[in-house]
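The values are calculated or read from the model by the stated rules, or taken from the named source; none is laboratory data. Everything numeric in this text was worked out from a predicted model, so none of it was measured. Quick reminder, even Gly has a Cβ in these numbers, built from the backbone with ideal geometry, and neighbours come from all protein chains shown.
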Amino acid sequence: MEGILSYIGDAKTVGIAGHINPDGDCVGSCLAVYNYLCQQRGDLDVHVFLNPIPTIFSFLTNAASIEQADEEDTNRSFDLFIVLDCGDTSRLGPASTYFRNAKHTICVDHHLGKHEFAEQNFVDSDASSTCELVFDLMDKNLITKEVAECIYTGMVTDTGVFQYSCTHSSTMRSAGFLMDLGIDYPRIVERVFFEKTFNQNRVLGQALLNARQYLDGSCIASVITQKEMAQYDVLPKHMEGIVSQLRATRGVEVAIFLYQVETGGYKVSLRSSDLVNVAEIATAYGGGGHAKAAGCGIMGDPWAAIDTIVKKVKLQLKETNKD
């Protein structure tokens, strides 16, 4: 695989963006590429666009440089636009306009989705994370500690600190290389997975209190509303990690967590232990993701939506039992 610098060509302006509701792999890959290009090509005018990121990723170098795309700025254009961790232009949000206006485009992703929408597509659904693919596209001699921290953050996020089945021996070798660059990897894991404010812990407790079991305990679901967020003085971006805590319940195959966003709709997070492909379920609602971690958005009654999702889970479990 050629290095990412070889695809810059004579570009003077570069835009970078990832999917809406960015997670660690999205933020990590976008900032890794942003920092890498800024460090190696000081002549470039580079901009990175993401929706507001979870505060747990604010420690990454140049997180403060992330901009909000303006959907009304329809004339803005870049010589090159790089899409990371996103399998469909509809998931880019307002940044999709910049992508369409760009002279040249690149996509780097590991999701199952509608790929081949860019001129150059680096897609591998077997990869642990987009950050691992980004690592493969970089000259290893040019990766700095700052870039390494971004890549490592994305890798540990999408592998559950190397617990999930998407973790391969190549993933561990790449992580080892990054560790050798002197990154504070215990601190990264602490900040991303364990460190929470008092109010975040309180709203986690509320989510657990709201939880309901389905399918003889093999499925669990919970909902947090805007009213409850206001009660605990937290925001939608602070909901990170709740669905994983639900999935950790003994006997649970699928965890479903919905939290209300500012529009009144709900963000749906799905996690599977092994038997159910939650990406297939999320895709039915216009979302996407991986077999064991996916998401989408819905409008309407959240518990009614959960009932429908549970039916889809039940169908998959029946098919699995047949086999």
Checklist entry - Can Thr249 be described as in the same structural domain as Pro54 (by TED's automatic domain parsing) and either touching a residue at least 12 places away in the same chain (Cβ under 8 Å) or in contact with a His (Cβ under 6 Å, 6 or more places away or on another chain) (or both)? => result no
Next on the checklist: Just to check your reading of the model, which residue among Ala95, Ala148 is within 20 Å of Leu60 (Cβ to Cβ), in the same structural domain as Asp73 (by TED's automatic domain parsing), buried (at least 21 other Cβ atoms within 10 Å of the Cβ) and out of contact with any helix residue (DSSP H, G or I) (no Cβ under 8 Å at 6 or more places or on another chain)?
Outcome noted: Ala95
Checklist outcome for this item: Of (1) out of contact with any Ser or Thr (no Cβ under 7 Å at 6 or more places or on another chain); (2) among the charged types (D, E, K, R); (3) in a helix (DSSP H, G or I), Lys267 fails just (3)
Checklist entry - Which ones in the range 283-323 are on the phi > 0 side of the Ramachandran plot and over 14 Å from the mean Cα position of the chain (by Cα)? => result Gly286, Gly300
Checklist entry - Which ones in the range 166-186 are surrounded by fewer than 16 Cβ atoms within 10 Å (Cβ to Cβ) and either more than 29 Å from Asp274 (Cα to Cα) or in contact with an Asp or Glu (Cβ under 7 Å, 6 or more places away or on another chain) (or both)? => result Phe177, Met179, Asp180, Gly182, Asp184
Checklist entry - Out of the range 229-252, which residues are buried (at least 18 other Cβ atoms within 10 Å of the Cβ), over 21 Å from the mean Cα position of the chain (by Cα) and closer than 21 Å to Pro52 by Cα? => result Met229, Tyr232
Checklist entry - Any residue at all in the range 193-203 that is closer than 30 Å to Arg250 by Cβ, of a type in the set (Phe, Trp, Tyr) and modelled with pLDDT under 95? => result yes
Next on the checklist: Looking at Arg100 and the list (1) assigned to a loop (DSSP other than H, G, I, E, B); (2) surrounded by fewer than 21 Cβ atoms within 10 Å (Cβ to Cβ), which single condition is not satisfied?
Outcome noted: (1)
Checklist entry - Can Thr144 be described as under 19 Å from Leu37 (Cβ atoms) and touching a His at 6+ places or on another chain (Cβ under 6 Å)? => result no
Next on the checklist: Would you confirm, using the coordinates I've provided, whether Val243 is under 30 Å from Asp124 (Cβ atoms), touching a Ser or Thr at 6+ places or on another chain (Cβ under 7 Å), in a helix (DSSP H, G or I) and hydrophobic (A, V, I, L, M, F, W, C)?
Outcome noted: yes
Item to check | Residue ID - farthest from Gly300 (Cα to Cα), chosen from residues in the range 253-270 that are free of Cβ contacts under 8 Å to residues at least 40 places away in the same chain and in contact with a helix residue (DSSP H, G or I) (Cβ under 7 Å, 6 or more places away or on another chain) | outcome: Ala255
Checklist entry - Which is aliphatic (A, V, I, L, M) and closer than 18 Å to Gly289 by Cα, of Ala207, Ala175, Ala230, Ala255? => result Ala255
Checklist entry - Any residue in the range 158-165 that is farther than 19 Å from Leu37 by Cα and buried (at least 19 other Cβ atoms within 10 Å of the Cβ)? => result yes
Checklist outcome for this item: Scanning the range 57-89 residue by residue, those in a helix (DSSP H, G or I) and either loosely packed, with under 13 Cβ neighbours inside 10 Å or in contact with a strand residue (DSSP E or B) (Cβ under 8 Å, 6 or more places away or on another chain) (or both) turn out to be Ala64, Ser65, Thr89
Checklist entry - Does at least one position in the range 22-35 carry a residue that is more than 24 Å from Val161 (Cβ to Cβ), in the same structural domain as His110 (by TED's automatic domain parsing) and of a type in the set (A, V, I, L, M, F, W, C)? => result no
